[in-house]
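The values are calculated or read from the model by the stated rules, or taken from the named source; none is laboratory data. Quick caveat, the model's predicted, so the values are computed rather than measured. In this analysis, Cβ positions are derived from the backbone assuming ideal geometry, glycine residues included, and neighbour counts consider all displayed protein chains. Only protein heavy atoms, including side chains, enter the accessible area calculation; ligands, DNA and RNA are left aside. Shrake-Rupley method; radii C 1.70, N 1.55, O 1.52, S 1.80 Å.
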Amino acid sequence: MPTRVTKPFSMDLGPRRETAWIPTADMAKEKSRPTWSRQIEFTLAGIGSAVGLGNIWRFPYLCFRSGGGAFLVPYLLMLFVLGIPLLHMELTVGQYTKRGPVHALEQFCPLLKGVGVASVAISFIMCTYYNVVITWALYYLFSSFQVPLPWQGCNNTWNTPNCTDHATNNSYSSTASQEFFKYKMLQQTAGIEEAGVVRWDLMLILMLAWILIYLCIFKGTKSTGKVVYLTALLPYVILIALLVNNVQLPGAIEGIKFFIVPQWERLLSVEVWVNAAAQIFNSIGIGFGFLMAMSSYNSFNNNIIKDTLTISIVNSLTSILSGFVIFSAFGYMSHLQDIPVAQLAVDGPGLVYVVYPQAFASMPVPQLWAVMFFCMLLFLGIDSEFAMVEVMVTTLMDQSNQPLLKFFKKKELLVLAVCGIACLLGIPNVTQAGIYVFQLMDHYTAIVSIMFLAFFEVIAICWFYGVKRLSDNLEEMTGKRPNIFFRLCWQIIAPFLVTVILIFSIIQFKPARYEAYVFPLWAQGLGWVIAMASMIWIPLGIIHTLWVLPGSFVQKLKLSITPFALNNKSKIPYCERGRSDSYPNMSVISSDAISTDYKLPDETN
């Protein structure tokens, strides 16, 4: 006789009740799943994972390239119609299913269960090279205690005859900060085909970075929840201190004016709108799976909308605050070079590791500001990094909790194994050709793959699973249904915008390059292999689902978009609504949350 289980909630479900069927084993796992010690810990962890280095360099860079203030208009619009609704969707799915992205998508839309696997794959691939950015921050942090700063002058062994110790816009010369980044830290070769040797000092710092990540997450929510108080809050103290200092520098006001005063004609460019949407998407972390994984540790009745608004709005405010900090420094540099802000030579990674260190050299007490800035980069990077690692750990624990713990004895050893493997895979990034490897992986992972994943995730949850079911889930947890704005965004606006972004990403796709260096064809092919390492799981998931489900091809298709159809799949034949069939060893959750095509009989054999 199956057991009837009702999750606690306060509202009246009304006369109509539908049933969703979940295996008893899953219910046992849900009861034993750990939760955050305090809800504020999840909120801070969510802020920390969403707020990262992209807020410090990618947002100001896109803003600079898009004409300053003109970028803010589409950016804020995309925040409210794309970022907030999709974040709300992911947190709802994670908290309701109590699972990471793999099992959450498998339950909600079996046909597209590969999207969850792809999210884990892309997060793991990214964590192998993203930690190199933390490695660079640590290298600069250790170098910041020298007097004078090693990038302040040209009287060093690594400097070239073209080096200049003052800001310049001359393409035939290079600044001391550029040469420190290129010739001292990276010791980069001419291209990816010249691998060079492993930079052993960077290798040791990479290992240190992974040790820090391990210490942040090895105890799960117990350790992560405590670490985020420091890593999520301290960067704001440093940002505000940098802003107070920067606004007092000569020319800072001109840089701020460029940042906040729109060039309205730039709004006619489609690229500006697409970049704004893509920045919201990548900044919050939609499609990467880490926010869904972390929300799976929430209490069942947690107020999701509160966390959604807090994480998304704080993330965007951080980007805007960073804009004021960076553009005030731009104004100062334009004053030193006696050229307009718009003519400064700025690129992506160089914004953090070349342009800003160059500004430090002319500030009072440069060592103090350098230490503060690179501490901030370290904390921002650590938050995002351990969130990506946590996705893999959560998925492995959800998949085979007991076998893994039997092999590794403790969860701490499993986390150590994941960190160790990721560290080994990151070694190519600390060779002399490491900057090219990093750029190649970032281009084909963070730009190419993520848009495909996001598209299929939105289709799986918003259309196949359905806005009505998602709304019912939210009502079951919180007692309130989402308002018309969220339902409209989920149903129409978000799928449309994600589709547009995907189309324009394909149309405007350009092969990977680093500065003036264009990657050879074999490297581009390797990049597509890296991209396919995550994207391939979507078609493989479709094929596997259709293979294992019973019935004719049409019946398989109908079952494949039915929630929970893969639960006890060998004993679930396709049936029309209202028919009774046997589903032994199943438990029933009474709710409005999920509509299915199955009903459990009163007795089972």
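Quick one: 3J(HN,Hα) in Hz for the range 437-443, Karplus 6.51/-1.76/1.60 with θ = phi - 60°, rounded, Gly and Pro as x. Values, residue by residue: 4, 4, 5, 5, 5, 5, 5 Hz.
Would you mind calculating the relative contact order of the range 377-519 from Cα pairs under 8 angstrom and at least 6 residues apart, reporting the percent as a whole number? Intermediate results must be reported in sequence, preceding the final value.
Numbers: 63 pairs, mean separation 28.2, N = 143.
Relative contact order comes out at 20 percent.
For the range 40-87, a/c is not less than 1.5, where a ≥ b ≥ c are the root eigenvalues of the C-alpha gyration tensor, and a/b does not top b/c. That puts it in the oblate class. With the simple model of a label 7 Å out from the Cα in the direction of the Cβ, residue 417 to residue 147 spans 5.0 nm. Available extension along the chain between residue 313 and residue 410 is 31.2 nm, counting 0.36 nm per residue and deducting the alpha carbon span. Modelled spin-label separation between residue 269 and residue 521, with each label point placed 7 Å from Cα along the Cα-to-Cβ direction: 3.2 nm. Taking amide hydrogens as placed 1.01 Å from N in the peptide plane, the amide H of residue 175 sits under 5 Å from those of 164, each at least 5 positions away in sequence or on another chain.
Karplus-derived 3J(HN,Hα) values for the range 187-196, using 6.51 cos²θ - 1.76 cosθ + 1.60 with θ = phi - 60°, are 6, 5, 8, 6, x, 5, 6, 9, 5, x Hz; glycine and proline are entered as x. Note that the range 255-355 presents 33 Å² accessible area per residue, ligands and nucleic acids not counted, probe 1.4 Å. Full extension of the segment from residue 156 to residue 76, taken as 0.36 nm per residue of separation minus the current Cα-Cα distance, would add 24.3 nm. When peptides 493-504, 128-139 are sorted by average Cβ neighbour count within 10 Å, with the highest value leading, the order is 128-139, 493-504.
Under a 5 Å amide H cut-off, with hydrogens placed 1.01 Å from N, residue 431 pairs with 199 among residues at least 5 apart or on other chains.
Phi-derived couplings, Karplus 6.51 cos²θ - 1.76 cosθ + 1.60 at θ = phi - 60°, listed residue by residue for the range 76-89: 5, 5, 5, 4, 7, 9, 10, x, 4, x, 6, 5, 4, 4 Hz, with x used for Gly and Pro.
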